[in-house]
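This report concerns only the one structure given below.
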Amino acid sequence: MSNQERIQPQERQLDAVRHEDRRQILFALRDAERWRPSVSEFDGGRTPVGEPAIPAALYHRHLPKLAEMGLIEWDRETHWVTRGPEYERVRPLLAFLSENYCE
């Protein structure tokens, strides 16, 4: 296995947690079987979409990205989010971030 092949999964994990909203989604699933985002959980001033309403950036960018990575499974109609088949790969990184960077 080349260095590039070993680095790629780590880069994907770092990309998954790079944005605050994606980190919040992944952290929410650490202790919950399923989770549904709401506008009130995220910073104000964002355009909500859907019913129940969620921030547009989550709907159009962050939830699809995490789903594509296999980290979450997301029901686009109800907005319920569950852990995806690849979620356990990112759990050690979330634990590290929680222990070292979260307040």
- Item | Long-range neighbours under 7 Å by Cβ, at least six apart or interchain, first residue modelled with pLDDT of 95 or more and buried (at least 17 other Cβ atoms within 10 Å of the Cβ) within the stretch 19-41, second among the charged types (D, E, K, R) and outside any helix (DSSP H, G or I) | LEU29/ARG83
- Filter result (in contact (Cβ under 8 Å) with a residue 24 or more places away in the chain and either in contact with a strand residue (DSSP E or B) (Cβ under 6 Å, 6 or more places away or on another chain) or surrounded by fewer than 16 Cβ atoms within 10 Å (Cβ to Cβ) (or both)) within the stretch 78-101: THR78, HIS79, TRP80, VAL81, THR82, ARG91, LEU97, SER98
- Identify all residues within the stretch 57-77 that are surrounded by 21 or more Cβ atoms within 10 Å (Cβ to Cβ) and within 10 Å of ARG22 (Cα to Cα); write none if there are none. LEU58, HIS62, LEU63, LEU66
- Query: Are any residues in the stretch 52-103 among the polar types (S, T, N, Q) and under 17 Å from ARG34 (Cα atoms), and if so, which ones?
  - Reply: THR78, THR82
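The values are calculated or read from the model by the stated rules, or taken from the named source; none is laboratory data. Note that this is a predicted model, so its numbers are computed, not measured. Note that we place each Cβ from the backbone using ideal geometry, even for glycine, and neighbour counts take in every protein chain shown.
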